[in-house]
Amino acid sequence: MIVPSLKDLYNSLPAGHYAVGAFNVHNMEYVQAVIKAAEAENAPVILMIGEAMIPFAGLDMLATICLFAAEQTPVPVAVALDHGHSFANLERCVELGISIMFDGSHLPLEENIRLTRKFARMAHAAGVSIEGELGSVGGAEDGEAGKEVNLTDPRTAARFVEETGVDALAVAIGNCHGFYSGTPSLDLVRLERIRELVHIPLVLHGGSDLPEALSREAIARGIRKFNVGTDLKYAFSSTLKRLLTQEPMPYQPPALLGPARDAVTEVVRHKIRLFGSTGLAGQFHGPLAPAEGAVPSRTVGRPRKS
Ligand code: 13P
């Protein structure tokens, strides 16, 4: 079932120390893998379309696959744009009934607030939600150039949320996209302080390659959305590599892509258990209708409105 807004997703789940897994998807196999894992764990999930993937896959193509899969499954699924910068992409997602993340973390604070507020109004008018980012998460996302790390200041975070109206906030507490170059460490005291001052779901980007104990600590201190991309890509690609070097090489798509898809499912199932969200789909009692003004998912893929 599609849940158009992250706000509805979280408001319709019980309170507790767990995070909903948010997984970057790049093609049909990734989408199927995440949905299969969510069904096996009876867990809510978030399918994320990274903006960096759009030139490769096409927004409408990927959105159509995600929304179709979400519509077919009994578990609650939100679809969200990840690291949106382009007005055209943000606008199109809102039009399709997909939640957005506006990443203004590279901008001066006042500009980040101004633009995030503008996109929040656009999202809320269509019944979808918006995630903002304050401070910058290091490392490279989907092969894009990495940003400089700049940790989130708790008091500024409270002001940012108040002035922008975002529904979820991505924080920078030492987390990095991609594989960590040294031993990962998170500023958990900073996270606790943010949690005291900010009363919307907090998001941890860079959820791959983090020690499990640290992931649990972050959830115990308030992380509610855990973003994971690299661990899935690695599982998919390393399975392909193994198969492509076999003799005879399996070249039929199901023989090649099926095991790669299964490898992603296993990683996602493991993450869902780690995040404590197994079984939560059974406790979801939320709005199922598409956002007012949103294009029903069956019509995605049609040309833009004007
Ligand atoms: P990783 O690729 O490090 O898991 O990060 C994913 C992410 O944060 C997407 O926004």
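The values are calculated or read from the model by the stated rules, or taken from the named source; none is laboratory data. Source: prediction; values computed, not measured. Here Cβ is always computed from backbone atoms with ideal geometry, including for glycine, and neighbour counts include all displayed protein chains. The area values use the complete protein model at the heavy-atom level, side chains included, leaving out ligands, DNA and RNA. Shrake-Rupley method; radii C 1.70, N 1.55, O 1.52, S 1.80 Å.
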Quiz item: Of the accessible area of the chain, with the probe set at 1.4 angstrom, what percent is carbon plus sulfur?
Solution: 55 percent
Quiz item: Using alpha carbon coordinates only, what is the Rg to Rh ratio of the stretch 1-54, with Rh defined as the Kirkwood radius?
Solution: 0.98
Quiz item: Each label point is 7 Å from the Cα along the Cα-to-Cβ direction; what then is the distance between the points at residue 238 and residue 118, in nm?
Solution: 4.3 nm
Exercise. Determine one quarter of the surface area of the Cα convex hull of the stretch 223-276, which equals its mean projected area, and express it in nm² to one decimal.
Key: 3.9 nm²
Quiz item: With point charges of +1 on the Cβ of Lys and Arg and -1 on the Cβ of Asp and Glu, referenced to the Cα centre of the stretch 1-141, which listed residue (48, 15, 89) lies farthest in the positive direction of the dipole?
Solution: 15
Quiz item: Hey, can you rank 42-48, 232-238 by average C-beta count inside 10 Å, highest first?
Solution: 42-48, 232-238
Quiz item: So in the chain, what percent of DSSP beta bridges are antiparallel if you round to the nearest 5?
Solution: 5 percent
Quiz item: For the chain, what relative contact order do you get, as a whole percent, if you take Cα pairs closer than 8 Å and at least 6 residues apart?
Solution: 27 percent
Quiz item: Under the Kirkwood approximation applied to all pairs of distinct alpha-carbon atoms, what is the hydrodynamic radius of the chain in Å?
Solution: 19.2 Å
Practice problem: Enumerate the helices in the chain for which the Kyte-Doolittle hydropathy averages -1.0 or more and the C-alpha atoms extend at least 18 Å along the helix's axis, using complete DSSP H runs. | Solution: 28-41, 59-72, 109-125, 230-244, 253-275
Self-check item: Unsatisfied cross-links (Cα-Cα over 25 Å) in the set 36/233; 118/271; 118/233; 233/271
Solution: 118/271; 118/233
Quiz item: Given the convex hull of the Cα atoms of the stretch 103-252, what is a quarter of its surface area in nm²?
Solution: 11.4 nm²
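Could you please put 275, 56, 68, 87 in sequence from largest to smallest accessible area, using a 1.4 Å probe?
Ranked list, largest accessible area first: 56, 68, 87, 275.
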Quiz item: Rolling a 1.4 angstrom probe over the protein heavy atoms, how many square angstrom per residue are accessible across the chain?
Solution: 43 Å²
Practice problem: Classify the stretch 47-147 as rounded, prolate or oblate from the Cα gyration tensor: take a ≥ b ≥ c as the square roots of its eigenvalues, call it rounded if a/c is under 1.5, otherwise prolate when a/b beats b/c and oblate if not. | Solution: oblate
Quiz item: Can you tell me the Rg and Dmax of the stretch 194-264, counting just the alpha carbons, in angstroms?
Solution: 17.8, 59
Quiz item: Peptides 258-265, 200-207: what's the order by average Cβ count within 10 Å, highest mean first?
Solution: 200-207, 258-265
Practice problem: For the stretch 165-297, just say rounded, prolate or oblate: build the C-alpha gyration tensor, square-root its eigenvalues into a ≥ b ≥ c, call rounded for a/c under 1.5, and beyond that prolate if a/b exceeds b/c, oblate if not. | Solution: oblate
Quiz item: When the dipole is taken about the Cα centre of the stretch 122-241, and only Lys, Arg (+1) and Asp, Glu (-1) are charged at their Cβ, what size is it in debye, to the nearest 20?
Solution: 220 debye
Practice problem: Beta carbons within 10 angstrom, averaged per residue: use that to sort the peptides 241-249, 181-189, highest first. | Solution: 181-189, 241-249
